[in-house]
Structure formats: structure tokens, C-alpha cells
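Student: Sharing a structure here in C-alpha cells format.
The values are calculated or read from the model by the stated rules, or taken from the named source; none is laboratory data. Just so it is clear, the structure is predicted and the values come from calculations on it, not from any experiment. Note that we place each Cβ from the backbone using ideal geometry, even for glycine, and neighbour counts take in every protein chain shown.
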Amino acid sequence: MDNILKEISDIGIVPVIALEDSKDAKALAQALIAGGIPCAEITFRTKAAAESIKIMAGFPQMLVGAGTVLTVEQVKQAVECGAKFIVSPGLNPKVVRYCVDNNIPVVPGCATPSDIETALELGLDTVKFFPAEAAGGLAMIKAMSAPYGKVKFIPTGGINAKNLNTYLGFKKVIACGGSWMVNKDLIKAGKFDEIERLCKEAVNLMLGFGLKHVGINSKDEAEATQTADTFQRLFGLEKQDFGGAYFNAGLIEVMKKPFYGKNGHIAIATNSVQRALYRLKKMGVAFNEESAGYNEDGTLRVIYLKEEIGGFAVHLIQK
């Protein structure tokens, strides 16, 4: 996957923004960064688009692209202003060929198998599914994924907080485009604090953090057996032997010998370990890369934070 598309996948949400006035671009970029979504697709639906892209691209944390790009001339203008990727509502072969020939990441809108075949012929493997909800939603994406197994999608159009995770839960969807957190009325009213809050809310919804289990270190198997038996006897949490540890009803992992953490470890489940890793690294959190575990398809399944919290090692784990 192209590095830009990989970063878009890690971010998970692409705010789609039509800015009426470039004076709002700076404050909007700051709100997106603070809200944990350092990405923007600035659409060429307004006269302020080019200048807005230039201003927002001036923030090194931001990944800024141009949307609603209909012509090669708009591609050139967007790239000159600092756009790192191009998005179009449909598939214009001239626009796509120019982008491919000039190594500019481009995600054209596709809604039919014929669109996808054209995209593949032009050398692409990632497309925008637009308008997502009106064109059949996730059911349509799944149907088209059957014959085109290597194609990945960025659905846009009708995506909101209620259906975001439904789309992101399908492995062929690398990110979703949406505008609910950057509502134009909020921008016009200068309510950038509210935009920041909605971005944080969207990120938390996407990641879906929750407690999976607590791990307890034991000095040896005898101590572990006694501990696990006690949890079963007192609270009815059935003990199961998993080789190196006992699990009590999936809630408590009793290690048969010392493991990570002074006292033990805490497992935090998330909808996407990779996106959680990206987000936390942006916050300055370090990880024990040697602890990483992967699924059969190569996606990250588990990884430990480098530092302990309250005497406990902490690891992310895929839901």
C-alpha cells in the first residue's frame, strides 16, 4: 500500500471539508490535530479550496488532500498548494492517468464493477466508494469485493457516527470519509472547540477501547493454581488451563510464572490495534516492538506499551 494510503488507513477517518473562507483553515487544522484526526480532504467545491489547502498543509502534523477534483488542472493546482493525495467523485481516466504518471496518490470514486475494472486497468487497487449509502452501502462493497479481492475501499457519502464502525469492521475498508465532525455550520460559527470534541468522540468510537482482562503474575505454577482456584471458588469464575496461564472466565489471567509487569498486566481491547498504535504513538507513547503479535493475514493483533502503569504492563489486543 502506498505510504500516503497507509497513513490514511492508520488514521481511519478522513474529514471531508468544503471551506467557504480560507481564514478558517488555520483554526480548523488546529482543531483536527487536537481532536486526533490529523487529516483533511478539502473539496474543490469552493473558491477558497486552493488557499485553504496551502494553509492546512503548512502544519507538518496534517495530511491534506484535495477532493472533488475533476480536471488535471485542479490536480496541478492542488499539488502546488501542498495536497498529498487526490480524491474525485467519479473515475476520470485523464485525471487518474496524470496522477499515476506523476506518482500522486489518487482515489477515484467508484460505484460499480465496471468502475473498479477501469481503476484496476489504470493500476489502482484502492478506490473511493461513493456515494456509499445511496449506492448500496456495505452490502454493495462486500458484493464487489468477492470478484475483486485485492481492491480496498474508502466509502464516503452518508457515513456518520452510527455506521462508522460497521464499515470499518470490514477488512477491505481502509478508512471512511465523513463530514459530521466538521459540519459547515460549526465552521461558519467558529465553533472549533466543538469540532475538536466531535473529532475526539469519533476517534474514541472508532477505537472502542475497553478492558479485556487483568493478568496476575505468580512465582510458580502452584501459586497460580491456588489463585485461579480461589477466584473460581469465591466468584464462580470457571478456571481453564491455557498452558502458560489459567484464565478465570476470560476475565483474569493468572500467569504460572512471572511475566510482563511488576504486578502483572492489563489487556485493553480495541477495534483496531494498528489504529490505536498510530494514535498513541502520536501522543508520545512508546511500545515494546518485540512484544508484537500478528494475525494470519499479517495484521497487528497484540502489542505491549513500553512503560508500566501503576506497576502493570499494558497491552493492546484486537477485539
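Student: Out of curiosity, is LYS281 out of contact with any His (no Cβ under 6 Å at 6 or more places or on another chain), over 30 Å from GLY149 (Cα atoms), outside any helix (DSSP H, G or I) and at pLDDT 95 or above?
Tutor: Taking the combined requirement at face value, the residue does not satisfy it.
Student: From (1) in contact (Cβ under 8 Å) with a residue 24 or more places away in the chain; (2) assigned to a strand (DSSP E or B), pick out the condition that doesn't hold for TYR246.
Tutor: Unmet for TYR246, out of (1) in contact (Cβ under 8 Å) with a residue 24 or more places away in the chain; (2) assigned to a strand (DSSP E or B): (1).
Student: Determine if region 5-12 includes at least one residue that is buried (at least 18 other Cβ atoms within 10 Å of the Cβ), outside any helix (DSSP H, G or I) and either over 19 Å from the mean Cα position of the chain (by Cα) or not hydrophobic (A, V, I, L, M, F, W, C) (or both).
Tutor: yes
Student: Please go through region 51-77 and give me each residue that is among the acidic types (Asp, Glu) and either in contact (Cβ under 8 Å) with a residue 12 or more places away in the chain or closer than 19 Å to ALA175 by Cβ (or both), ordered by number.
Tutor: GLU51
Student: Additional query: Looking at region 172-196, which of its residues are in contact (Cβ under 8 Å) with a residue 24 or more places away in the chain, in contact with a helix residue (DSSP H, G or I) (Cβ under 9 Å, 6 or more places away or on another chain) and not hydrophobic (A, V, I, L, M, F, W, C)?
Tutor: Scanning region 172-196 gives LYS172, GLY178, LYS188, GLY190, ASP193, GLU196.
Student: Still on this structure, I have one more. LYS257 is checked against (1) in a helix (DSSP H, G or I); (2) of a type in the set (Lys, Arg); (3) farther than 25 Å from CYS39 by Cβ and fails just one. What number does that condition carry?
Tutor: (1)
Student: Quick one: ASP297 ticks every box in (1) part of a strand (DSSP E or B); (2) at pLDDT below 95; (3) of a type in the set (Asp, Glu) except a single one, so which number is it?
Tutor: It is condition (1) that ASP297 fails.
Student: When region 227-238 is examined, which residues are found to be of a type in the set (Gly, Ala, Ser) and surrounded by fewer than 12 Cβ atoms within 10 Å (Cβ to Cβ)?
Tutor: Matches in region 227-238: GLY236 only.
Student: Now a separate question. Within region 195-226, how many residues are more than 30 Å from GLY169 (Cβ to Cβ) and crowded, with 19+ Cβ neighbours inside 10 Å?
Tutor: 4
Student: Can you confirm whether region 187-194 contains a residue that is surrounded by 15 or more Cβ atoms within 10 Å (Cβ to Cβ), basic (Lys, Arg), closer than 22 Å to ALA276 by Cβ and at pLDDT 95 or above?
Tutor: Looking through region 187-194, none of the residues is surrounded by 15 or more Cβ atoms within 10 Å (Cβ to Cβ), basic (Lys, Arg), closer than 22 Å to ALA276 by Cβ and at pLDDT 95 or above.
Student: Let me ask you something else. Looking at GLU20 and the list (1) without any contact (Cβ under 8 Å) to a residue 40 or more places away in the chain; (2) of a type outside the set (Phe, Trp, Tyr); (3) part of a loop (DSSP other than H, G, I, E, B), which single condition is not satisfied?
Tutor: So GLU20 meets the others, but not (1).
Student: OK, next. Scan ILE141, ILE116 and give me the residue that is β-branched (Val, Ile, Thr), farther than 21 Å from ALA66 by Cβ, in contact with a helix residue (DSSP H, G or I) (Cβ under 7 Å, 6 or more places away or on another chain) and crowded, with 17+ Cβ neighbours inside 10 Å.
Tutor: From the options ILE141, ILE116, the qualifying one is ILE116.
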